[in-house]
Each structure stands twice: as structure tokens, then as C-alpha cells.
Amino acid sequence: MKKENYVKDICNLIRHYILESTTEAGSGHPTSSLSAVELMAVLFFRGFFRFDLDDPEYINNDRLVFSKGHASPLLYSLWAAAGAVSREELMGLRKFDSSLEGHPTPRFKYTEAATGSLGQGLSIGLGMALAAKKLDKLPYNIFVLLGDSEMAEGSQWEAIQLASYYELDNLIGIIDVNRLGQRGETMYGSDISAYLKRISAFGWKTIPVHDGHDLEEIEAAYQEALNIKNRPSMIIAATKKGKGVSFMEDKDGWHGKALDRKQYEQAVSQLGPVEDDLAGILLKPGKVKPVSSSPGSLGQTTVYSPGEMVSTRRAYGDSLSRLAGSNPDIVVLDAEVSNSTYSDAVKSSHEDRFFEMYVAEQNMAGAALGMALRGKIPFISTFAAFFSRAFDQIRMSQYSNTNIKFCGSHAGVSIGPDGSSQMGLEDIAMFRTLLDCIVFYPSDAVSTEAAVREAAAYKGNAYIRTTRMDAPVLYENMDGFRIGASRLVKRSKKDRIAIIAGGVTLYESLEAYEELKDEGISTAIIDIFCIKPIDSALIKEISRDCDAILTVEDHYAAGGIGEAVSSIEGLDCPVYKMAVEKMPRSGKPGELLEYEEISKKDIIRKVKKILGS
């Protein structure tokens, strides 16, 4: 069989698989899958994509990210054509007990990352490309299939800018320009020149494919892309949505619609006969060892003196720098605020593992996911407020079973005169919603170092909230600071109220404790440290001995510390909450704490009010 006919027949087989599986499922996106069949079949079966089917995690395998995740029927059919998925498995598409979900997730072992929320795959590919080229020094390539609709997403252009900046010639994008989106034409329709001009302006090598179903033209495009040095490549192919089925091809109104049985029979009759035993062949990659070494120990801890003035954001940077010295898998990404988050400590000590991502938080989160999926432990930092614009990328990362450590600095109204736009007041709530995400809120330098180390050792997402202001060191060592634990700072048999706080409000609570003590009112003080999972055992124990629990936080009430404490079942006393309730503004930190009624004097007033009632 000639090479050209072999791939042509594979394409026909893949089309049959797409139509059969989506018809059996009764849902899916067959037209979006049919448009890119030739683009993917040539990549796989003409020797451009090197992959060991028996070892999907092999470090030298090329990687393929389906950014247009709704084309999952194509992804699964592609691997079926390679012999990795049976026809019976394909017929399980979108069923509860199948790993072939409606949009790809790692339940399917050949999926690189969970996709489907558009505009994220290129950032993930960028992170993988950085890991390969800049860290492990490995020659594999990362291919990202993109849809033309998702090119309207700003995150795509964040990734395009940065991939060019880092000269990632191992990153190859493929835009399937099939003209039609969910409800009609895309922004530029079939005009591939519009994409060529825009993407080339960012420094990419752009390669047009005027007929995205012509095998030879596609092959020439891949050959050209793989020969480009010191810049990424984008193949921009004009295709037909629903290609191969006359009543769907290039027709509006078919997005996300499966065929009924009669339509299916009509469609496959147009495609013609198929060779059921046909199997494509993937070439295997070479054997190259990565440069990076295996992880080391966690290294020495820092010695802080009680009373020493150190902000938790500075302690974060210093702790991370020391940790990076003993663990070569740790990488650090920052969104052009590293001199404020203090992650620049790592830039000074381990510049090869520090990546400036500039003011593009969505791409930073996506790239961190790509790095994590290649075995790195990314710590990413920016102001806590700015993670909110990357929340979709953060949300999606949990579905890839990933391992990212987020650090949000400048949390709360206590940052002072910069004003509300810079104040992270939703961050605890945001990260608490994520499955299995650990949420740390260290109050001093010692507990911050513990949070960094605990986060690094934990396999999964973790968030560390840090504060702008310098604060006195409270603790002599990290004993007891661990995932799921809080620290009992003050306690006596006479305690009437237990005050639970973190960060700046812990210090306000400690000052309130002293004044209340002088007035004969005894309170317990708990440093929350780990908000999720919360220390239910300690808080329940305290609730048995007190009349009330009072939470105090520099965060909005919704989703914060107060709600976390209130969610504990079996508490033996009521929970009262103090949080940011007013629209914040610029001012001195002390003024803002008083304005929001979470200062020392407000705590004293609240305690007395509770006891009076």
C-alpha cells in the first residue's frame, strides 16, 4: 500500500469511528472532530509524532494537547487508529463508566491535560515546552490543536507572546480554521491570512495550509515547522467543519449535534467502505536522558528570632529559595511582581529555574500546569487579587490531577493605600472551592516556612496567603505546623471565648487578648494556619470549654475563615464572625482595619458584646 493511500484510508477509518461513537453516545461534537482529521492523521502516521504506546509517560515522547477539547471524538479515534483503543472502548464515549469523557480528562491515559474550557491548551503546551527546552534539555516536541473560535480568547495571545519571548522552537500549534463556531461564523471566518498576520507579528513562524484536507500540503507544513529554530511555529489550516458528510459539511447549525441512526447510515454510505483491521503506526522516540537530577532533601530551616520583624511575603521568598536549592524539581513563575512577592529570591539564587511570566496571570497558571504535568513542582506568585483573573485556569487544573503551588501576596485591606483593586479579599473562598486544594494562611515567618515546605511535599494544588506588612516572629520552630493543623497560641481553664484568626488579624487578636486579660476576661487564641483542611479536632475541643467562638479575618465573609469554622459539625458553642463587610478604600493599614471593624478595639468590643448577650 502506498504511503499516501495508507494515511488516506486511516482518515476514512477515523471518520467512521467519530460518527459511530457520537451516534452511539447520542451527543458530542462530530463536525468539529471531522474538520481536523487530516491534520491529526498526518501528524501521527507520517512520522512527525514520536510516541511509545507502551509507555505513555516516557519522558522522550512528543506531547499532543487538544486545546479544542470538544473535538474529543477525534482524539479518541486517533488513538484507536493507532491501536491503543478498541472499538468497544470507543462505543463507551460519554458513558459514566468510560474513560472517554465528553471533553478530555486524564482518566483517558493518552490525554495530556483536561481541556474543554477554551483558550487554555496553548499555555499548557508552553509550560511543557519550557520544561523540555529550558529545564530537562530534552528534544521532544509539543503539538497543540487549536480551534479558530478559541483564538478570540486573550489567554491565547498571552501564550503566543511568551512562547516567542522564550524562543520555544519545540512548540508547534495547529489552528483548525473551519470557519464555524457554535452559533455561526467565527471572527475571521475562513480568512487564514488574518491569523497569519496577527500571529507572525508576535514573532512566530506562521505556515499556511490552504487546504487542510490535502495530505501532501499538511505534510509539507509539518516538515517546515520541525525545521524552524529559535521560535515557535503555527500551522494555520483552512478546513471544512463536518468534512466528508455532505449534509453537514461547512453547514451552520450542526455544532455539538450527534446524528440519529438514519443520518448516520446516510453519512457512512458517503464515506464509503472502511478497512476495520487497518492500524496506523507511530514511530518511537529516541532515548535521551534529562539534565535535571532527582529531588533532594528539604534542606535546612531558617532560624528566626522571636520578635524579629519579617513579613510573610519575604519569608515566602527566602524559604522557597532555600528549598529550591535542595529540590531541583522546584520551578518558580511570577507575574512581574517578584520584587513584591519576594519570589525574586529564587531568581537571585537559581535563575535557571525562575521564569518571568509578565503581567499575564492566565498564561502563568496554564504554563504552570504544563510544567507540573512534566514532573516539575511549580510555585507561582502574584498579588492575591490577581489570581481571580486566572481562576478558570486554576479551576481546570484540578481536573488534570496537577501539582501547583500558588502564593498570593498583598492579601486583605491591611495592604493600605494602594486601594481596593490591589486587595485580595476573595482568595480564600476561591481556593477553598477546589477539590483537594490545601489552603495555608501563615501569620509569621516561621509558619510561612512551614507552609512552603508542606506545600512542596504535598502532591496536589496548594495555596499560601501572605501579607504585605512586617510582623514580629511569634514562633521558635515549625513544630506542629502541618497540613490540617492550627496552632493554639493562648489557652487557660478560664477561657470564655475562643478567637480564631490568621495573618494581620491574629496580631490584632493577641493585642486584644492582653487588654481583655487585664479586664479579667480570658480568651483562647487560635492561629488558623491551615484553613483547608481545617483543624476540626482542635476547634471542636475548644468549643466544649468556651461560650462562643469568634473568627476574625481580613477577607470577605463569604467563603472565608468564618464559614470554614462554621462548617465544622458538632461544635458545642455558637460561632460569631468578623470580616470585611464594607467597600474598601485607600488608607493606612490601621485605619482600614478600624473602618472594616476587624481591629483590636473592635475585637474587644465584640467579645464584650457576646458575653453581655
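Read-outs throughout are calculated quantities, based only on the coordinates presented, and are distinct from any laboratory measurement. Everything numeric in this text was worked out from a predicted model, so none of it was measured. Cβ: placed from backbone, ideal geometry, glycine included. Neighbour counts: every protein chain shown.
Things to note:
- The chain, relative contact order [Cα under 8 Å, separation at least 6], %: 12 percent
- Residue 183/residue 610 FRET efficiency (R0 41 Å; Cβ-Cβ; nearest 0.05): 0.15
- Coupling constants for the stretch 65-80 follow from the phi torsions by the Karplus curve (6.51 cos²θ - 1.76 cosθ + 1.60, θ = phi - 60°), and in residue order they are 10, 8, 5, 7, x, 5, 7, 4, x, 5, 4, 5, 5, 4, 5, 5 Hz; glycine and proline get x.
- Using alpha-carbon coordinates, inclination of helix 600-612 to the longest axis of the chain, degrees: 70 degrees
- Burial ordering of 330, 526, 521, fewest other beta-carbon atoms within 10 Å first: 521, 330, 526
- Exposure proxy order (Cβ contacts within 10 Å, fewest to most) of 364, 91, 583: 583, 91, 364
- Rh by Kirkwood over Cα pairs, then Stokes-Einstein D for the stretch 309-472 at 1.306 mPa s and 10 °C, µm²/s: 105 µm²/s
- The protection proxy used here, the mean number of other Cβ atoms lying within 10 Å of each residue, ranks peptides 127-133, 414-420 as follows, highest first: 127-133, 414-420.
- Taking a quarter of the surface of the Cα convex hull of the stretch 1-86 gives a mean projected area of 5.9 nm².
- Long-range amide H partners of residue 485 with built H, under 5 Å: 530
- Of the trypsin sites (Lys or Arg not before Pro) found in the stretch 225-273, those that fall in a DSSP loop while having at most 13 other beta-carbon atoms within 10 Å are 229.
- Dipole moment magnitude, nearest 20 debye, the stretch 337-463 about Cα centre, only Lys, Arg, Asp, Glu C-beta charged: 400 debye
- Pairs with C-alpha atoms separated by more than 22 Å, drawn from the list 133/229; 137/347; 517/588, are 517/588.
- The stretch 273-365 - Kirkwood radius from inverse mean 1/r over Cα pairs (Å): 16.6 Å
- Remark: the Cα gyration tensor places the stretch 488-612 in the oblate category, a/c being 1.5 or greater and a/b not exceeding b/c.
- For 228, 174, order by how many other beta-carbon atoms lie within 10 Å, fewest first: 228, 174
- The stretch 3-271, relative contact order in percent, only Cα pairs under 8 angstrom and at least six apart counted: 24 percent
- For residue 459, the lysines whose Cα comes closer than 18 Å to its Cα, not counting residues fewer than 8 places off in the same chain, are 376, 405, 532.
- On Cα atoms only, tilt of 154-165 relative to the major axis of the chain in degrees: 80 degrees
- Restricting the stretch 540-613 to trypsin sites (Lys or Arg not before Pro) in coil, as DSSP defines it, with at most 16 other Cβ within 10 Å: 582, 585
- For the stretch 272-424, relative contact order (Cα pairs under 8 Å, six or more residues apart, normalised by length) works out to 18 percent.
- For residue 412, distant residues with modelled amide H under 5 Å away: 424, 425
- Gain on full stretching of the segment that runs from residue 420 to residue 470 - 0.36 nm per residue minus C-alpha separation: 16.0 nm
- Zone of residue 275's modelled label, taken as backbone nitrogen in the stretch 29-47 under 15 Å from a point 7 Å along Cα→Cβ: 45-46
- Rounded to the nearest 20, the Cβ-based charge dipole of the chain about its Cα centre (Lys and Arg +1, Asp and Glu -1) stands at 240 debye.
- Computed E for residue 91/residue 284 - FRET, C-beta separation, R0 25 angstrom, nearest 0.05: 0.30
- Helix 215-226 vs. the chain, principal-axis angle (Cα, 0 to 90°, nearest 10): 40 degrees
- Charged-residue dipole, Cβ positions (Lys, Arg, Asp, Glu), the stretch 536-594 about Cα centre, Debye nearest 20: 220 debye
- Note on the chain: along the principal axes its Cα atoms extend 92, 50, 42 Å, ordered by decreasing extent.
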